[in-house]
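A.B. asks: I'd like to ask some things about the structure below.
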Amino acid sequence: MHGLFNRALQCFLSDTYGPATWEKIAAGADIHPEGFEAMLLYDDATTQAVLRSAAGVLDKPAEALLEDMGHYLVAHPARAGLRRLLRFGGADLEGFLASLDDLPARARLALPDMDMPCLAIREHGGGAYELEVRHRQPGLAHVVLGALRAMADDYGALASADLTARPGGATIAIQVFTLSHARGRDFALTAALER
């Protein structure tokens, strides 16, 4: 797994549960508490060891932790860069959803060695969408689910998203009820213009 993912997982666990908890998780996974270097590649077994350790220390299923991580990556102030990149996908939630097919290719422009999930979005009409997420790493679709839910909040839309796992990936059923349920977070082309 790319170090960027592992570093994001480490930051999520440390920022959310505290540095002392991260140290317990790192010890349980048999890794140094300094954690991961973002630009290195790590064995998938290391990522799975961190998830198993976190699930045990926090008494929470790994899938729930990964979904929370997806939300964190969009909503936490320390991760504003990713949120900004995702917001360039569309002016509203439906525009963003329509752009998801292109997201892995755009990400590879910046990080060519990043193993991105394959995303395929289908619109069924009436605000109903289906997102296919395929990846060799178990649970990555849960990160996507958390990020989707956070993006709906970010846009101020009212939507539901439900995941059905299967071997090699998952399907996320999305229903957009309204695009203007609440005031979305401010967004401008330049970060200096945001409040």
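A.B. asks: In the set Phe36, Phe5, Phe12, which member is of a type in the set (A, V, I, L, M, F, W, C) and over 25 Å from Ala161 (Cβ atoms)?
C.D. replies: Answer to the check: Phe36.
A.B. asks: Identify all residues within the range 86-119 that are charged (D, E, K, R), more than 17 Å from Leu158 (Cα to Cα) and either modelled with pLDDT of 85 or more or surrounded by 13 or more Cβ atoms within 10 Å (Cβ to Cβ) (or both); write none if there are none.
C.D. replies: So in the range 86-119, the residues charged (D, E, K, R) come out as 87, 92, 94, 101-102, 106, 108, 113, 115.
With more than 17 Å from Leu158 (Cα to Cα) added as a condition, the list becomes 101-102, 106, 108, 113, 115.
Across the range 86-119, the qualifying residues are Asp101, Asp102, Arg106, Arg108, Asp115.
A.B. asks: I've got another one for you. Quick check on Ala62: is it at pLDDT 95 or above and within 15 Å of the chain's Cα centre (by Cα)?
C.D. replies: Taking the combined requirement at face value, the residue satisfies it.
A.B. asks: Okay, next question. Considering the range 120-145 alone, what residues qualify as being in contact with a Leu (Cβ under 7 Å, 6 or more places away or on another chain) and surrounded by 21 or more Cβ atoms within 10 Å (Cβ to Cβ)?
C.D. replies: Within the range 120-145, Tyr129, Leu131, Val133, Ala141, His142, Val143, Leu145 meet the criteria.
A.B. asks: Mind checking which residues of the range 27-65 are of a type in the set (Asp, Glu) and either surrounded by 14 or more Cβ atoms within 10 Å (Cβ to Cβ) or within 14 Å of Arg7 (Cα to Cα) (or both)?
C.D. replies: Glu34, Glu37, Asp43, Asp44, Glu63, listed by residue number.
A.B. asks: Do we have any residue at all in the range 25-36 that's within 28 Å of Arg183 (Cα to Cα) and outside any helix (DSSP H, G or I)?
C.D. replies: No, the range 25-36 has no match at all.
A.B. asks: Could you list all residues from the range 3-26 that are out of contact with any helix residue (DSSP H, G or I) (no Cβ under 8 Å at 6 or more places or on another chain) and of a type in the set (Gly, Ala, Ser)?
C.D. replies: Gly3, Gly18, Ala20
The values are calculated or read from the model by the stated rules, or taken from the named source; none is laboratory data. Here the structure is a predicted model, which is why all the values come from computation and not from measurement. Because the Cβ atoms are built from the backbone with ideal geometry, glycine has one as well, and the counts that use them run over all protein chains shown.
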